[in-house]
Amino acid sequence: MSGTQNIQWFPGHMAKTRRKIKEILPLIDAVAEVTDARVPVSSRNPELKSLIGDKPLIILLNKCDTADPEETAKWIKHYKSEGTAAIGIECKTGKGLNLFKDTVKNTLADRLQQYAEKGMSGKPLRIMVVGIPNVGKSSFINRIAGGGKAKVENRPGVTRGNQWFTIDRQLELLDTPGVLWPKFEDETVGEHLAFTGAVKDRILDTELLAVRLIELMAKKCPEKLISRYGGLDLESDSYDILCQIGKKRGMVIKGGETDTERAANMLLEEYRSCKIGNITLERVEDYA
């Protein structure tokens, strides 16, 4: 896709973040990764697994109310089959967040047992929360912490300046020390993040982006396109389908042609606001 080359990965930022994460790893028991349930693959940093080593990982599929619930369930099952705990959450409403503490305790049952055997049953579990920009990492922390930030300066062995949040006596969260950027290894990652609004529209050509989204939806959920925009000839090429949608919405300019820029902006907005439906663009079978 032309324009994707303008999206830059930030190796300098990542190098700094990588260093900080490695410094903090000895202090934490597990990592919680916030992702976007609509694009579970593109909204992850592929280096995370090697960064955290053998620390247990919990995947939080955020924005699950905007994704297809059946597909989210498939992803959770898939991660479980790989030995990784995962839950669907919606930080705006708080949906699924009640499962987080139990998921942490189940994931770290062995650690809790060790603490109990050593007479340290009151020691809190420490979880580092990570996520690429715009997946809802801050919303998750604010929601689950309820605004209760810990004073880290007074804690022995805890590096000054890190953002610790006390959830309860048994659980503390650490916000990622630095920014974990996605890595645009292929053009579809940039496109998929742009579909969801995680990458600013101005970085990519809006009409081309809308055409690519139509192409994807026509393949994965044609019935939702038809339901939203009425009779469409989905056998046409994706640009022609965009023109059909624009004309149905009265977006016509002088000479009877479709105002494809307006139509593209409308389509992207309606996808993001779920007016077309709850759509997961990345499915387990696509990556099997």
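The values are calculated or read from the model by the stated rules, or taken from the named source; none is laboratory data. Because the structure is predicted, anything quoted here is derived from the model rather than measured. Here the Cβ is made from the backbone with ideal geometry for all residues, glycine too, and neighbour counts use every protein chain on show. Note: areas computed on protein heavy atoms with side chains; ligands, DNA, RNA excluded. Shrake-Rupley method; radii C 1.70, N 1.55, O 1.52, S 1.80 Å.
Quick notes on this structure:
- Residue satisfying condition, being touching a strand residue (DSSP E or B) at 6+ places or on another chain (Cβ under 8 Å), among the hydroxyl-bearing types (Ser, Thr, Tyr) and buried (at least 18 other Cβ atoms within 10 Å of the Cβ), within set THR258, THR280: THR258
- A single member of VAL284, VAL252 is within 21 Å of VAL41 (Cβ to Cβ) and in contact with an Asp or Glu (Cβ under 9 Å, 6 or more places away or on another chain), and it is VAL284.
- Consider segment 46-85 and keep the residues that are part of a loop (DSSP other than H, G, I, E, B) and under 19 Å from ASP286 (Cβ atoms). The one that is nearest to the chain's Cα centre (by Cα) is LYS63.
- Those residues of segment 77-91 which are surrounded by 18 or more Cβ atoms within 10 Å (Cβ to Cβ) and out of contact with any Phe, Trp or Tyr (no Cβ under 9 Å at 6 or more places or on another chain), in sequence order: TYR79, GLU90
The rows are residues; the columns are (1) closer than 28 Å to VAL135 by Cβ; (2) among the aliphatic types (A, V, I, L, M); (3) in contact with a helix residue (DSSP H, G or I) (Cβ under 6 Å, 6 or more places away or on another chain).
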| site | (1), (2), (3) |
| --- | --- |
| ALA198 | yes, yes, no |
| ALA210 | yes, yes, yes |
| ASP240 | no, no, no |
| GLY246 | no, no, yes |
| GLU257 | no, no, no |
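- Residues of segment 92-141 that are open to solvent by 70 Å² or more (accessible area, probe 1.4 Å), assigned to a helix (DSSP H, G or I) and touching a residue at least 40 places away in the same chain (Cβ under 8 Å): LYS101, ARG111.
- Matching residues in segment 213-231 - criterion: being among the basic types (Lys, Arg) and surrounded by 15 or more Cβ atoms within 10 Å (Cβ to Cβ): LYS220, LYS224, ARG228
- Among residues of segment 191-212 being within 17 Å of CYS274 (Cβ to Cβ) and in contact (Cβ under 8 Å) with a residue 60 or more places away in the chain, the one that is most open to solvent (accessible area, probe 1.4 Å) is GLY197.
- Checked against (1) open to solvent by less than 40 Å² (accessible area, probe 1.4 Å); (2) out of contact with any Phe, Trp or Tyr (no Cβ under 6 Å at 6 or more places or on another chain), LEU234 passes all but condition (1).
- Hits in segment 179-208 (condition: under 14 Å from SER42 (Cβ atoms) and not in a loop (DSSP other than H, G, I, E, B)): GLU187, THR188, VAL189, GLY190, GLU191, HIS192, LEU193, ALA194, PHE195, THR196
- Members of segment 194-222 found to be under 30 Å from LYS101 (Cβ atoms) and not small (Gly, Ala, Ser), listed by number: THR196
- Restricting attention to segment 145-174, the residues being modelled with pLDDT under 90 and either outside any loop (DSSP other than H, G, I, E, B) or at positive phi (or both) number 14.
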